[in-house]
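The values are calculated or read from the model by the stated rules, or taken from the named source; none is laboratory data. Since the model is a prediction, treat every value here as computed from it, not as a measurement. Note that each Cβ is placed from the backbone with ideal geometry, even for glycine, and that neighbours are counted across all protein chains shown. The area values use the complete protein model at the heavy-atom level, side chains included, leaving out ligands, DNA and RNA. Shrake-Rupley method; radii C 1.70, N 1.55, O 1.52, S 1.80 Å.
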Amino acid sequence: VYYQNDKNETECINIDLIKNGLANLTNYKIEEGNPSKEFDLMLKAEQEAKNNKIGLFSPKAPPLCTYSDLLSSGRTKKKEFINFLTGLSHLNCMVDFCFSANKFKLRIDEKQVFIPFGLIGVKSFTNDKNNSSLFQKYFKISHEFVVNTVLQRDGICDIVQADKVGNYFGNFIFEGKNFGTILIEKGLAVLNERSGDLGKNKYINEMREAEKKAQKAKIGLWEDEGVAK
């Protein structure tokens with residue numbers, strides 16, 4: 001697999017992983033077939049990692065990194081984290097799982113936690129067995145979009161509030177844009193004006209404008225009469 005680095009040079013991920021001691025070169029036998037065209041460079045990269053004693057080849061024990069998974073933790077532990085996390089902003093995070101268009105499992109490395117996170121002021125369909133076929137269709141469309149767009153990708157989150165059972169709500173910024181606004185402008189979600197502390201949301205005005213445009217263009221949820229409401 002190849003990618004363009006910051007200098008617009010073509011780099012091979014296979015070689016990068018091995019060179020940084022993050023992977024081993026598999027044992028290769030002639031009878032197994034043709035090796036990768038990058039085989040010689042991968043051999044060189046592995047020797048370089050060994051010489052530098054980095055990653056897998058480091059004599060030092062790897063640092064322990066334990067995360068608190070607040071989705072499966074007990075009630076007491078969940079409550080302990082509410083005051084600790086609520087109100088924090090500009091946290092680097094990664095989308096570990098997408099439950100729906102507006103509900104994620106986020107990994108926050110700085111705080112070593114996994115949290116259930118909902119986009120504040122944004123409402124979309126969930127995967128509910130009581131959904132009509134039309135509602136389920138929009139769940140699948142919106143869910144597929146978020147999975148293809150943000151799953152296992154990095155972003156920034158602001159934790160505005162939390163409920164009593166440890167669900168967190170706020171904004172998720174992806175590639176410099178508020179993801180809630182992106183969903184609304186594509187007609188994959190609507191603005192939830194009843195959301196608590198909505199007034200604290202600095203993106204409220206742009207989300208309102210995005211909804212007006214989606215409604216006027218009749219895209220997504222607005223294609224079918226009454227679905228958005």
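Based on the alpha-carbon set only, what is the convex hull volume of the chain divided per residue, in Å³? All intermediate terms of the calculation are to be shown ahead of the outcome.
Working: hull volume 47.9 nm³, N = 229.
Given the Cα convex hull of the chain, per-residue volume reads 209 Å³.
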DSSP-loop trypsin sites (Lys or Arg not before Pro) across the stretch 119-209, with at most 16 other Cβ within 10 angstrom: LYS129, ARG153, LYS164, ARG194, LYS202
Relative contact order (percent, whole number), the stretch 1-91, Cα cutoff 8 Å, 6+ residue spacing: 21 percent
Rg and Dmax [Cα atoms of the stretch 63-199; Å; Rg one decimal, Dmax integer]: 14.8, 49
Cross-link reach list, aspartates and glutamates versus LYS78, counting only Cα pairs under 12 Å and skipping chain neighbours closer than eight places: ASP69, ASP163
DSSP-assigned coil residues among GluC sites (Glu not before Pro) in the stretch 26-129, each with at most 16 further Cβ atoms within 10 Å: GLU38, GLU110
Crossing angle, helix 39-52 versus the chain [Cα axis fit, 0-90 degrees, rounded to tens]: 90 degrees
Where the chain is the region considered: accessible area per residue in Å², 1.4 Å probe: 63 Å²
Listed residue pairs exceeding 26 Å between alpha carbons, taken from LYS129/LYS216; LYS103/LYS129; LYS79/LYS105; LYS111/LYS137: LYS129/LYS216; LYS111/LYS137
Residues of type lysines that LYS177 reaches as a straight line, Cα spacing below 16 Å, ignoring anything fewer than 8 places off in the same chain: LYS186, LYS202
Area projected by the alpha carbon convex hull of the stretch 1-94, averaged over all directions, nm²: 10.8 nm²
Radius 11 Å from Cβ of ALA45, net charge of other residues (Lys, Arg +1; Asp, Glu -1): -2
Contour minus Cα-Cα distance for ASP69 and LYS129 (0.36 nm per residue): 18.9 nm
Over the chain, relative contact order from alpha-carbon pairs under 8 Å, at least 6 apart, %: 15 percent
